[in-house]
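Notes to accompany the following structure.
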Amino acid sequence: MSLRDFLKKQFIDVIHWTEPEDGILAYRFPMQDMEIQNGGKLTVRESQMAAFVNEGRIADIFGPGLYTLNTETLPILTYLMNWDKAFQSPFKSDVYFFSTRLQTNQHWGTPNPITIRDKEFGAVRLRAFGIYSYRLSDPKTFHTKVSGTRELYQVADLDGQLRNTIVGRISDAFASSNVPFLDMAANQVAAGQKIAELLKPMFTDLGLTLDTFVVENLSLPEELQKILDQRISMNMIGDMNRYTQFEVAQSMPIAAANEGGGAAGVGVGLGAGLTMAQQMMNAMKPAPAPEQSPPVAPIPSPAALPDTKFCQECGKPIPRSSKFCPECGKPQQ
């Protein structure tokens, strides 16, 4: 090493990182032309973890705290560096910081409806969306499988992977639940908890921990929702006769207000409205009791009237001694 190269190098006494913005998961501390001094300080703040990486291999990992860098605090790095007797100073190592705070308000949703078999409706297409939160819990796994040697790894870089995996697991969860759609829609909290149990192993495999998973909405596509609304309406209607009467009453103002191209149209509209009103009123009236014929007085027999006989012409009762009928004037025998 020439004197110029030696003077060009900088020696690090303190290693620390302050997050400049939200959404950062991993950050590589700049080490170009820099070496770490023996006895240097490492500061790891709350909601952070730090890892030393030697020649691509994860060495020592640190949680929140203040550390003095020596053979005692860097046992794995000491072994990898073959420092048998003394800590070699200065030394080079890659240092990565990881944000372990909760990444909240992460959105998921089904870009296209997923098809499930429903107990009540048969095969239906279902839409769902909601939010979830997670945190980085295993820096070694996350560095090895996800972030690698990138200088900066952000939440947005992982968003697509997580969202697509969630949608795939949701399809399996709904298909295997055997819970009718209406029951799932009415118990979204329970549905979210069940889906979260299926998702946690996937997050763990990436070095993450799923904290919360919320199903905000379960719905059908618009055309299927209309059919469901019609079915609900029919269940609410119940008595079709009363519903028909209601529909007739609702249509009366519309028919009466329809001008129909002039005065004749007004009359037609009013007539139609009155006709429908009459039909509605007749339908709502109780059925009238059958009319009874007035009693017919019995015709007295001649035996009941000993001084009376009947006219041979008009049949009217007349005195037995009469020679002519006082009603028609015909002679009597």
Self-check item: Packing-based order for 149-157, 44-52, using average beta carbon neighbours within 10 Å, highest first
Solution: 44-52, 149-157
Quiz item: How high is the FRET efficiency between N70 and L152 when r is their beta carbon distance and R₀ equals 41 Å, given to the nearest 0.05?
Solution: 0.90
Quiz item: Using 1/(1 + (r/R0)^6) with R0 = 35 angstrom and r between the beta carbons of R117 and Q161, what's the FRET efficiency to the nearest 0.05?
Solution: 0.80
Quiz item: What net charge do the residues around D205 carry, taking every other residue with its C-beta under 12 Å from that of D205, with Lys and Arg at +1 and Asp and Glu at -1?
Solution: +1
Quiz prompt | Total formal charge among the other residues, if their Cβ is under 13 angstrom from that of S147, Lys/Arg +1 and Asp/Glu -1 | solution = 0
Practice problem: Could you please state, rounded to a whole Å, how far the C-alpha centre of segment 186-223 is from the C-alpha centre of segment 104-151? | Solution: 7
Exercise. Work out the count of Lys pairs in segment 60-200 where the Cα-Cα distance is under 25 Å, with the pair 8 or more places apart or on different chains.
Key: 5
Quiz item: Under 5 Å between amide H atoms, partner at least 5 residues away or on a different chain: which partners does L218 have, H built in plane at 1.01 Å?
Solution: none
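We did not get these values from a lab; they are worked out from the coordinates using the rules stated. Note that this is a predicted model, so its numbers are computed, not measured. Here the Cβ is made from the backbone with ideal geometry for all residues, glycine too, and neighbour counts use every protein chain on show.
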